[in-house]
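The values are calculated or read from the model by the stated rules, or taken from the named source; none is laboratory data. Remember, predicted model here, so these are calculated numbers, not experimental data. Heads up, the Cβs are rebuilt from the backbone with ideal geometry, glycines too, and the neighbour counts pull from every protein chain shown. In case anyone asks, the SASA skips ligands and DNA or RNA and just uses the protein heavy atoms, side chains included. Shrake-Rupley method; radii C 1.70, N 1.55, O 1.52, S 1.80 Å.
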Amino acid sequence: MPQEKAGQLPPSWQAVIGQEFEKPYMQALRDFLKQEKAAGRTIYPPSHLIFNAFNHTPFEKVRVVIIGQDPYHGVDQAHGLSFSVPDGIAPPPSLINIFKEISADLGVRMSGKGDLTSWADQGVLLLNATLTVTQAQAGSHQGQGWEAFTDAAIHALNTKRKGLVFVLWGSYAQKKGGLIDEKKHLVLKSVHPSPLSAHRGFFGNHQFSRINQYLIQHGEKPIDWQV
């Protein structure tokens, strides 16, 4: 994949949501991030990876959207893809549970590596609702503007594309469901894969096989979920 400049959207996304950068909320968000850095706080992911999900999954290539909440806030965990961690970083508990469900649903053996870039390159947009976070402070950048930006991305996919699969795990992601026309797209919901809730309906939801069945029915290649 060609690398975009740090903090820059690729052209396919610029064409549909580039205008968001001119809006007042985005300037306020830039100011907030500058203030955090000026105060000596570490922000994740690194600036060149903030739009990593968009860079790996161009607008016209999106087939599935998996919506997360915010980036991981531990050292070296976040790299701009929801639920994913770079190679060499231990998968967090929610990701371990995602892998357990894939193995049970599809009968595949997972490697234990947590880098989901291969999903993104197949058209799975791994989109967090909030694209940055301050180290060790979960949810610290919520309400600063990112939600409006990711709403714009989902709205563009909803209106300009059809036959996509939107995956909404947990109440936070499901709030985005109001932006999606379920007559045009498949919307899959369940509890979050976190250890606190996975046993209340995430395990056994068979959503990975359902995604692939839907894609095949619409003339698309299934996703190879094996990592």
Per residue value of the accessible surface for segment 10-62 (all protein chains in place, 1.4 Å probe), Å²: 51 Å²
The chain: calculated mean residue ellipticity at 222 nm from DSSP helix runs of at least 4, using -39500 (n - 2.57): -10000 deg cm²/dmol
Cα-Cα P(r), segment 125-180, percent of pairs per 10 Å interval: 21, 54, 21, 4
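Kindly work out what percent of the DSSP beta bridges joining two residues of the chain are antiparallel, to the nearest 5.
Percentage antiparallel, nearest 5: 20.
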Cα centroid of segment 177-192 to Cα centroid of segment 13-83, whole Å: 22 Å
Nearby lysines by direct alpha-carbon distance to residue 34 (threshold 21 angstrom, same-chain neighbours under 8 apart not counted): 5, 23
Cα pair distances of segment 72-111 binned at 10 Å [whole percent]: 30, 49, 20, 1
Among 43-54, 144-155, the order from most to least packed when residues are scored by Cβ within 10 Å on average: 43-54, 144-155
Cut-off under 5 Å, modelled amide H: who pairs with residue 164 long-range: 186
Under 19 Å from residue 175, Cα to Cα: lysines that are on another chain or at least 8 residues apart: 183, 184, 189
Label-point gap, in nm, between residue 221 and residue 41 - each point 7 angstrom along Cα→Cβ: 4.2 nm
Accessible surface, segment 182-227, averaged per residue in Å² (probe 1.4 Å): 60 Å²
Amide proton proximity set for residue 116, modelled H, under 5 Å, gap of 5+: 85
All-pairs Cα distance distribution in the chain, expressed in whole percent, bin size 5 Å: 1, 7, 14, 20, 21, 17, 11, 5, 2, 0, 0
Rule-of-thumb Rg ratio for segment 1-110 [Cα; 2.2 N^0.38 Å; N residues]: 1.24
Heavy-atom accessible surface of the chain: percent carbon and sulfur, 1.4 Å: 52 percent
